[in-house]
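The values are calculated or read from the model by the stated rules, or taken from the named source; none is laboratory data. Fair warning: this is a prediction, and the values are worked out from it, not measured in the lab. Every residue, glycine as well, gets a Cβ built from its backbone with ideal geometry; the counts of neighbours run over all protein chains shown.
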RNA sequence: GUGGCCAUAGCUCAACAGUAGAGCACUAGCCUGUGGCGCUAGUGACACGGGGGCAGCACCCGUUGGCCACCCCA
């Protein structure tokens with residue numbers, strides 16, 4: 001007996017296929033440039049500020065509400081999702097990137113994170129932590145769908161989960177967090193809210209629903225005919241005109257909630273009213289994942305014209321009281337929601353909302369000549385250590401080029417180090433706005449720059465002065481029409497037109 | 001997954017069945033240690049594969065990718 005051998009049946013790895021891919025047959029012509037896989041894209045430097053904005057705002061919400069960071073693997077056992085998300089859901093049935101690895105394990109790229117977080121809750125004995133356990137995560141998710149704007153195969157979700165808490169105020173907290181997140185960003189949204197009961201009241205309700213639709217079965221769309229036996233609740237969601245017309249006669253889940261579920265839902269609604277949250281009840285809101293119980297909600301963009309696109313949710317979530325237990329843990333009430341970061345960013349761009357800038361250096365370090373390069377290696381580091389947002393291009397030789405870079409970066413000051421300065425133990429400090437230069441002792445440079453940049457008036461040094469998540473309408477950079485108060489003019493600079501004063 | 005539209009330089013766009021052009025960007029020079037403006041020059045593309053045709057980027061088919069609707073959701 002080898003105890004190492006797992007009991008699971010192993011499927012032999014598809015060796016031939018793999019080797020065929022790694023060593024493909026020769027083709028004629030030049031090798032084609034590889035593309036990103038369908039529905040997956042590179043995120044480029046120009047996107048940084050939007051991602052920072054969307055992500056940092058969410059982090060500040062997470063902190064404020066007491067959620068802690070967690071990160072789970074991008075790949076999990078396929079079974080986790082089959083059991084957690086549900087065998088009959090669209091996600092599991094047709095949208096998962098699943099594969100068998102070299103060791104014969106059936107694995108999948110995660111299509112969502114709630115199942116994994118619930119697994120982690122049990123795996124790491126978080127039941128023994130003070131309850132509830134409140135967690136946030138952020139990362140890529142994968143669904144094999146037909147791509148479209150706002151719908152990718154690799155997309156990013158930021159999510160929050162409360163595990164070990166069944167009180168309705170937890171549901172309300174989550175909805176409010178969502179509302180406030182979008183409020184902070186300046187994205188107008190509405191929340192659609194519903195309760196889909198728990199398994200005590202849902203099963204009897206489903207029977208009634210099926211009974212109703214059986215009576216009118218012939219009028220249903222093809223899709224719904226199949227849904228009828230597999231997931232009848234989804235009939236309420238169908239957009240086919242025939243099905244829509246049948247909907248008003250259908251029994252509504254809210255009318256069939258058990259007493260506990262009804263009370264729970266009423267309290268959630270009550271809390272939301274108290275907080276003046278912009279929600280509306282949508283008795284037809286049903287989630288595509290099996291684990292939801294009781295409260296479910298979607299956050300939709302509020303747009304001028306109610307176009308079809310308005311129906312793509314920016315965030316969604318709800319309560320999932322059965323999930324932890326379903327995955328082999330103790331019965332644990334839980335709830336959560338997740339935000340679709342790409343969709344949020346699209347919206348921010350469409351609305352032209354202000355975002356905090358990406359990291360901006362305030363000082364550029366220019367060096368001229370080989371000795372200066374060497375010395376720059378040391379002097380630059382001193383500035384960096386001193387907490388000055390400084391940047392440099394050691395590979396560039398011509399001063400002109402470096403000045404161009406400094407200009408493009410929009411830096412306040414450029415430090416210039418050349419032969420002369422090395423001999424004197426000094427450095428030229430150029431004010432890029434005023435076009436004025438002064439000579440500074442290299443030993444005093446760091447302190448001088450900190451003073452000029454006003455760094456000493458703030459806290460202590462921030463090694464990476466990243467823009468904080470200060471969310472609300474914070475326009476762009478404040479401009480400082482600082483008049484020239486420095487002494488030495490440098491005449492040879494062709495400062496042609498004084499009209500460009502500020 | 002179904003149906004439709006689309007695909008020319010890094011970006012935004014032209015052109016013609018006879019062998020691709022602009023603006024911006026990029027690189028260099030005018031300016032031998034100093035940015036923004038200007039001038040000059042240069043780099044750089046017909047997504048991939050096949051078909052008919054003297055000839056194709058243009059027409060046809062396939063592949064890949066994007067977008068739109070459906071589906072679904074984030």
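It is to be established whether one or more residues within segment A:104-114 are assigned to a helix (DSSP H, G or I) and either buried (at least 20 other Cβ atoms within 10 Å of the Cβ) or within 15 Å of RNA strand B (Cβ to nearest atom) (or both).
Yes, there is a match, as at least one residue in segment A:104-114 is assigned to a helix (DSSP H, G or I) and either buried (at least 20 other Cβ atoms within 10 Å of the Cβ) or within 15 Å of RNA strand B (Cβ to nearest atom) (or both).
Say we look at segment A:146-167 and pick out the residues that are away from RNA strand B (no atom under 16 Å from the Cβ) and surrounded by 21 or more Cβ atoms within 10 Å (Cβ to Cβ); which of these is nearest to residue A:120 (Cα to Cα)?
Only one residue tops the list, namely A:163.
Just checking, does segment A:259-267 include any residue being farther than 24 Å from residue A:136 by Cβ and within 16 Å of RNA strand B (Cβ to nearest atom)?
There is no residue in segment A:259-267 that is farther than 24 Å from residue A:136 by Cβ and within 16 Å of RNA strand B (Cβ to nearest atom).
Return a yes/no flag: does segment A:360-381 have any residue that is outside the structural domain of residue A:165 (by TED's automatic domain parsing), away from RNA strand B (no atom under 13 Å from the Cβ) and crowded, with 19+ Cβ neighbours inside 10 Å.
Yes, some residue in segment A:360-381 is outside the structural domain of residue A:165 (by TED's automatic domain parsing), away from RNA strand B (no atom under 13 Å from the Cβ) and crowded, with 19+ Cβ neighbours inside 10 Å.
Limited to segment A:387-439, what total is found for residues that are more than 6 Å from RNA strand B (Cβ to nearest atom), assigned to a helix (DSSP H, G or I) and either touching a residue at least 60 places away in the same chain (Cβ under 8 Å) or over 21 Å from residue A:375 (Cβ atoms) (or both)?
The number of residues fulfilling the criteria is 2.
Hey, can you tell me all the residues within segment A:63-103 that are within 15 Å of RNA strand B (Cβ to nearest atom), crowded, with 16+ Cβ neighbours inside 10 Å and either in a helix (DSSP H, G or I) or not assigned by TED's automatic domain parsing to the domain that holds residue A:165 (or both)?
A:81, A:84, A:90, A:91, A:92
Is segment A:249-261 home to any residue that is surrounded by 13 or more Cβ atoms within 10 Å (Cβ to Cβ), modelled with pLDDT of 80 or more, in contact with a strand residue (DSSP E or B) (Cβ under 9 Å, 6 or more places away or on another chain) and assigned to a loop (DSSP other than H, G, I, E, B)?
Yes - at least one qualifying residue is present in segment A:249-261.
Yes or no: residue A:335 within 23 Å of the chain's Cα centre (by Cα) and either part of a helix (DSSP H, G or I) or away from RNA strand B (no atom under 14 Å from the Cβ) (or both)?
no
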